[in-house]
Amino acid sequence: MRPPGSPVTLQALREHALACTRCALAAGRTQVVFGVGNPEADLLFVGEGPGREEDRIGEPFVGRSGQLLDRLMREELGLDRSQCYIANVVKCRPPGNRDPEPQEIESCRPYLEGQVELIGPRVVVTLGNFAARTLLGTTEGIRTLRGHVYPFRGGQLVPTYHPAFALRSGGEILAEMRADFVRAKRLLAAPSGPGS
């Protein structure tokens, strides 16, 4: 839930995030990488945090990892970025692309929580450990979490690997990611709403 008095539209939340100085990441950012896509999408992807290219351009997943994400969306879901929403746990680049620290995750949590609430996706696909752990409130790792579907705020959550990990690891991990995307596609195709 968003804190009382927080912005009530995605654009207002974005504007609020653009001025954020809640943690030390603000000092080193080029710009806030809030999110991109359809604010009424049934599908939300949540990654870890912006890398160098994302920080430079201001959009999540624009480097090699983003190219793989786009390819998997197209090949396994039949979707492009305009048909989903893509966000990150933290909105500013951690120095040297290091993992986000707990205080940084907590500082950004109201923005991610607001995005989830305002978009209201039927399916959330988490990309990597930090996104899955943050949204599921667990310490379990992605290898344990992936391959399953979890109830999440009236919808479903599908954890999968981060595209950067698939690029480093190769065929088996990529095949597992593809299976997770197919799992998300089936959830999106299932009837939703009252009586389904």
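Does Arg14 meet the test of being within 17 Å of the chain's Cα centre (by Cα), among the basic types (Lys, Arg), under 30 Å from Val182 (Cβ atoms) and open to solvent by 40 Å² or more (accessible area, probe 1.4 Å)? When the stated conditions are applied, Arg14 does not pass them. Arg93 fulfils the conditions (1) touching a residue at least 60 places away in the same chain (Cβ under 8 Å); (2) under 13 Å from the mean Cα position of the chain (by Cα); (3) open to solvent by 10 Å² or more (accessible area, probe 1.4 Å); (4) within 25 Å of Arg168 (Cβ to Cβ) except for a single criterion, (2).
Out of Arg74, Arg81, one residue alone is under 28 Å from Glu176 (Cα atoms), crowded, with 18+ Cβ neighbours inside 10 Å and touching an Asp or Glu at 6+ places or on another chain (Cβ under 8 Å). It is Arg81. Every condition in (1) touching a strand residue (DSSP E or B) at 6+ places or on another chain (Cβ under 6 Å); (2) surrounded by fewer than 21 Cβ atoms within 10 Å (Cβ to Cβ) holds for Gln115 except the one numbered (2).
For residues in segment 129-162 being among the small types (Gly, Ala, Ser) and surrounded by fewer than 24 Cβ atoms within 10 Å (Cβ to Cβ), which is nearest to Gln83 (Cα to Cα)? Only one residue fits best here, namely Gly155. If you go through segment 48-90 and keep only what is touching a residue at least 60 places away in the same chain (Cβ under 8 Å), touching a strand residue (DSSP E or B) at 6+ places or on another chain (Cβ under 8 Å) and assigned to a loop (DSSP other than H, G, I, E, B), you end up with Glu48, Gly49, Phe61.
The values are calculated or read from the model by the stated rules, or taken from the named source; none is laboratory data. No experiment lies behind these values; they were computed from the predicted model shown. We place every Cβ from the backbone using ideal geometry, glycine too, and count neighbours over all the protein chains shown. These accessible areas exclude ligands, DNA and RNA; they are computed on the full protein's heavy atoms, side chains included. Shrake-Rupley method; radii C 1.70, N 1.55, O 1.52, S 1.80 Å.
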